[in-house]
Amino acid sequence: MDRRAFLGSLGVSVTGYATPVRVGLIGAGARGTYLLRESLAMPGVSFTAIAEIREDRARRAAGMVKEAKGGEPALYTRGPEDYRRLLERSDLDAVLIMTPQNQHGRQAIAALRAGKHVGSETPPAYTLDECWQLVETREKTGRHYMLLENYPYARPRLMILHMAHRGAFGEVTYGESSYIHDTRELSYEADGSLSWRGEIAHRHRGDVYPTHALAPVSLWMGINRGDRLASMVSMDNGTRGLQAYARERFGADHPAAREGFFAKRDTTITLLRTARERVIVLRYDNGTPRPAGGWEQLQGTRGAYDGSPGAQLVYLHGRSRDHAWEPLEKYRTEFEHPFWREQASAAARAGHGGGDYFVLREFYEALAEDREPAIDVYDAASWSAVLPLSGESIRAGNRSFEIPDFTRGRWKSRKLEHFGI
């Protein structure tokens with residue numbers, strides 16, 4: 001199908017006038033309904049179907065659609081596989097996948113095979129096999145896939161992306177990033193049984209949520225665009241924080257209060273090495289009682305960035321005073337990212353530091369323009385590979401593992417696109 005015909009199939013005229021892009025929502029929990037609300041605020045987007053295992057949630061989401069756009073979407077509420085009936089519809093161009101994280105991979109693969117474009121929450125896959133299936137299905141079907149990873153779009157992270165790709169830090173050689181968020185309470189239902197998050201922590205060891213931390217630093221370094229993740233090794237600590245929370249909330253006899261119940265540990269550290277001999281340090285910690293906040297560092301031959309909580313500092317060799325950090329804000333006029341310069345007011349109200357606005361905007365624009373989105377299936381697969389490989393590394397006595405090249409060598413010629421720089 002050529003571009004003109006494709007745009008017509010989406011209801012988008014070649015003159016740029018948009019009629020609704022037809023979307024189906026799979027998963028209408030808290031996150032799903034939030035991104036549904038954000039999507040409904042965007043011109044040219046409509047929702048024609050919703051799949052959700054809980055009828056009350058599905059009807060709540062349908063009410064949001066009716067209030068915003070008029071008309072009621074079809075509902076699919078017959079259980080966890082009923083989304084497959086939604087995928088059979090001919091009046092859907094794309095789906096948003098907002099289900100529990102260990103379901104994303106198989107649902108995205110099924111959607112691509114059904115001829116739908118996919119926007120998926122994170123992480124996008126749980127096994128290396130799922131990573132490869134995602135890549136190969138995307139390539140075979142020609143449908144577009146975007147990982148809706150919002151962290152890179154926050155204002156300071158886009159500014160660092162802008163600086164890095166304009167050479168402000170020289171050749172980037174080293175990065176650190178983390179996802180630190182005490183989510184222990186979300187591991188349980190009100191009666192003390194495990195939620196889906198708790199089941200994941202119970203069964204899976206390693207960094208089970210890698211992409212929030214890995215995405216920004218990967219884009220800063222040009223991973224899959226001139227470099228690639230080549231190898232990694234992981235290690236973790238115990239489950240003292242997870243056990244203490246279960247003991248204090250449910251008592252010492254609760255299974256989660258016992259040693260060995262959780263496969264996932266309080267903190268997981270992963271070291272990654274790239275093909276160009278750069279190093280990335282990742283930290284995942286959701287089992288420790290502390291305020292949420294990431295830790296990000298970037299270092300190059302001409303400068304560095306300190307994004308630790310409350311910092312936002314840079315050092316630019318030849319511009320900063322020797323051995324002295326400066327506020328990132330000092331360079332905002334020069335290096336503010338064009339997205340934020342032009343659309344700060346629209347993004348400021350959205351969650352994740354404005355990231356939710358920009359990531360959805362990019363997804364729908366990519367569909368309308370019939371192009372690969374900024375964060376594509378190769379990013380999804382390579383970043384997700386950390387999830388299974390971190391567990392394997394730990395179980396193998398902290399052994400190093402190679403990371404597959406999901407681009408099959410195309411990383412050498414690919415460029416950073418659709419990030420406005």
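See the values below:
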item: Residue match in segment 234-254 (condition: under 25 Å from the mean Cα position of the chain (by Cα) and closer than 24 Å to Arg166 by Cα); result: no
item: Looking only at segment 376-410, and only at residues there that are basic (Lys, Arg) and over 15 Å from Leu271 (Cβ atoms), the one that is surrounded by the fewest Cβ atoms within 10 Å (Cβ to Cβ); result: Arg408
item: Subset tally (residues that are under 17 Å from Leu219 (Cβ atoms) and either of a type in the set (Gly, Ala, Ser) or assigned to a loop (DSSP other than H, G, I, E, B) (or both)) for segment 368-401; result: 10
item: Residue identified as closer than 16 Å to Gly175 by Cα, of a type in the set (Asp, Glu) and either outside any strand (DSSP E or B) or modelled with pLDDT of 95 or more (or both) among Glu329, Glu277, Glu334; result: Glu277
item: Subset of segment 364-404 [farther than 14 Å from Leu128 by Cβ, hydrophobic (A, V, I, L, M, F, W, C) and within 13 Å of the chain's Cα centre (by Cα)]; result: Ala374, Ile375, Val377
item: Scope segment 235-261; condition loosely packed, with under 15 Cβ neighbours inside 10 Å and of a type in the set (A, V, I, L, M); matching residues; result: Ala252
item: Filter pass, Ala263 being modelled with pLDDT of 95 or more, part of a loop (DSSP other than H, G, I, E, B) and within 21 Å of Ile394 (Cα to Cα); result: yes
item: Qualifying residue in segment 237-245 (condition: part of a helix (DSSP H, G or I), closer than 26 Å to Arg197 by Cα, touching a Leu at 6+ places or on another chain (Cβ under 8 Å) and small (Gly, Ala, Ser)); result: no
item: Scope segment 165-203; condition under 24 Å from Arg290 (Cβ atoms), aliphatic (A, V, I, L, M) and free of Cβ contacts under 8 Å to residues at least 60 places away in the same chain; matching residues; result: Leu186
item: Count of segment 197-234 residues which are of a type in the set (D, E, K, R) and surrounded by 24 or more Cβ atoms within 10 Å (Cβ to Cβ); result: 2
item: Flag if Ala385 is among the aliphatic types (A, V, I, L, M), assigned by TED's automatic domain parsing to the domain that holds Met221 and in contact with a Phe, Trp or Tyr (Cβ under 7 Å, 6 or more places away or on another chain); result: no
item: Counted residues, segment 264-297 - those being free of Cβ contacts under 8 Å to residues at least 40 places away in the same chain and among the acidic types (Asp, Glu); result: 2
item: Tally of residues being of a type in the set (Gly, Ala, Ser), surrounded by fewer than 22 Cβ atoms within 10 Å (Cβ to Cβ) and under 30 Å from Ala201 (Cα atoms) across segment 72-124; result: 2
item: Residue count, segment 325-375 (criterion: of a type in the set (D, E, K, R), touching a helix residue (DSSP H, G or I) at 6+ places or on another chain (Cβ under 9 Å) and not assigned by TED's automatic domain parsing to the domain that holds Leu229); result: 8
item: Filter result for Arg283 (basic (Lys, Arg) and surrounded by fewer than 17 Cβ atoms within 10 Å (Cβ to Cβ)); result: no
item: All positions within segment 52-88 that are in a loop (DSSP other than H, G, I, E, B), farther than 23 Å from Glu199 by Cα and not acidic (Asp, Glu); result: Gly70, Gly71, Pro73
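Residues are listed down the side, and each one gets a yes or a no for (1) in a loop (DSSP other than H, G, I, E, B); (2) within 17 Å of Ala215 (Cβ to Cβ); (3) assigned by TED's automatic domain parsing to the domain that holds Arg157; (4) in contact with a strand residue (DSSP E or B) (Cβ under 7 Å, 6 or more places away or on another chain):
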{"position": "Pro289", "(1), (2), (3), (4)": "yes, no, yes, no"}
{"position": "Trp295", "(1), (2), (3), (4)": "yes, yes, yes, yes"}
{"position": "Gln299", "(1), (2), (3), (4)": "no, no, yes, yes"}
{"position": "Arg319", "(1), (2), (3), (4)": "yes, no, yes, no"}
{"position": "His323", "(1), (2), (3), (4)": "yes, no, yes, no"}
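The values are calculated or read from the model by the stated rules, or taken from the named source; none is laboratory data. Quick caveat, the model's predicted, so the values are computed rather than measured. Positions of Cβ are backbone-derived with ideal geometry, glycine not excepted, and every protein chain shown enters the neighbour counts.
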